[in-house]
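These notes are about the structure you will find just below.
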Amino acid sequence: MARTYPGTVPIEIRPASADDEPIISQIRRETWLAAYAQIIDPEIIEQVTAPRDGASAGPRPDRTSLVAVASPGTALADPRVVVGYTFFGPERSVAAAASVGSAGSGPRPGGPPTVGPKPGALTPAGRAGATGEVYALYVAPAHWSTGAGRALTDAALDGLRATGYRRVVLWTLTENARARRFYARAGFAPDGATNILTALGDVEELRYARDL
C-alpha cells in the first residue's frame with residue numbers, strides 16, 4: 001500500500017516492482033558518482049555500477065524493497081518519476097553483507113545488488129527477528145534535500161517496526177559526512193563497529209544503530 005509523506009516535494013512511498021529495476025540501477029549509479037567520487041576510486045565506481053547482464057527481474061523475496069515517487073500535483077515535469085529507493089530486512093553478518101554488497105547513499109556500498117544472502121548469512125539477532133538492517137537507501141542527487149530520503153527512512157523504520165524488530169542498524173562510509181549527518185538527524189548513532197571494504201579500495205565504513 002502506498003503512503004504519501006510531506007516534504008519540499010510530496011513523496012509517495014510504494015513497494016518496488018520489476019518495472020522499477022532500470023530506474024533503481026540508474027539512481028544507484030548517479031548516487032555513487034555524486035556521493036563517492038572523492039572517496040572511492042572512479043574506476044571502481046565504474047566497475048561496480050556498470051549495467052550487468054542477467055540483472056534481477058524484480059524485488060528479491062529476502063528483503064523489502066520500496067521506492068519513492070514524486071506525487072501528482074508537484075511542479076516536476078514528470079510527477080510520477082521514481083526518485084529514490086530503499087531495501088531492508090534482517091541484519092546480515094559483516095562478511096556476508098560485504099559479499100552481497102547492497103548499496104546505499106550511506107548504507108554499505110558494495111558489489112552487484114542482484115546476489116542474495118547465502119543461508120546462514122544473518123547475525124543471530126537477524127535470524128531471531130530482533131535486529132533489522134537498512135541495506136540500501138538511495139535518492140537521486142537531483143532530489144537531495146527534498147524530503148525523499150527522510151520519507152524512505154521513515155518508511156523503512158515503520159516496516160521494520162511492524163515486523164517486530166526492536167533495533168535497526170546500517171553501514172555508512174566513514175568519509176561520507178553528508179550521509180552521517182542525515183542518519184544522525186534520523187536518530188541513528190555509531191555503535192563502535194567498523195569494517196574495511198577491501199573490494200572498494202580499503203575504504204572504512206561505520207555501523208550506525210538505533211532502537212525502534
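Descriptive notes on the structure:
- Test result for N195, among the polar types (S, T, N, Q), touching a strand residue (DSSP E or B) at 6+ places or on another chain (Cβ under 6 Å), within 24 Å of I45 (Cα to Cα) and in contact (Cβ under 8 Å) with a residue 60 or more places away in the chain: yes
- Number of positions in segment 34-52 that are within 15 Å of the chain's Cα centre (by Cα) and in a loop (DSSP other than H, G, I, E, B): 1
- Residues that are β-branched (V, I, T), closer than 16 Å to E204 by Cα and touching a Pro at 6+ places or on another chain (Cβ under 8 Å), drawn from segment 32-50: I40
- Within segment 49-60, residues that are surrounded by 13 or more Cβ atoms within 10 Å (Cβ to Cβ) have Cβ atoms under 6 Å from residues that are modelled with pLDDT under 60 in these pairs: A55/T114; S56/T114; R60/G116, counting only partners at least 6 apart in sequence or on another chain.
- Only residues that are at pLDDT 95 or above and assigned to a helix (DSSP H, G or I) were counted in segment 180-212, giving 6.
- Test for G120: is it within 15 Å of the chain's Cα centre (by Cα), modelled with pLDDT under 70 and either under 25 Å from A193 (Cβ atoms) or in a loop (DSSP other than H, G, I, E, B) (or both): no
- Residues of segment 123-162 classified as more than 22 Å from P15 (Cβ to Cβ) and outside any helix (DSSP H, G or I), total: 6
- Condition check for F182: without any contact (Cβ under 8 Å) to a residue 40 or more places away in the chain, surrounded by 20 or more Cβ atoms within 10 Å (Cβ to Cβ) and either over 22 Å from P61 (Cα atoms) or aromatic (F, W, Y) (or both): no
- Per-region count, segment 50-105, residues modelled with pLDDT of 90 or more and hydrophobic (A, V, I, L, M, F, W, C): 8
The values are calculated or read from the model by the stated rules, or taken from the named source; none is laboratory data. The shown structure was predicted, so the numbers you read here are calculated from the model rather than taken from an experiment. Here Cβ is always computed from backbone atoms with ideal geometry, including for glycine, and neighbour counts include all displayed protein chains.
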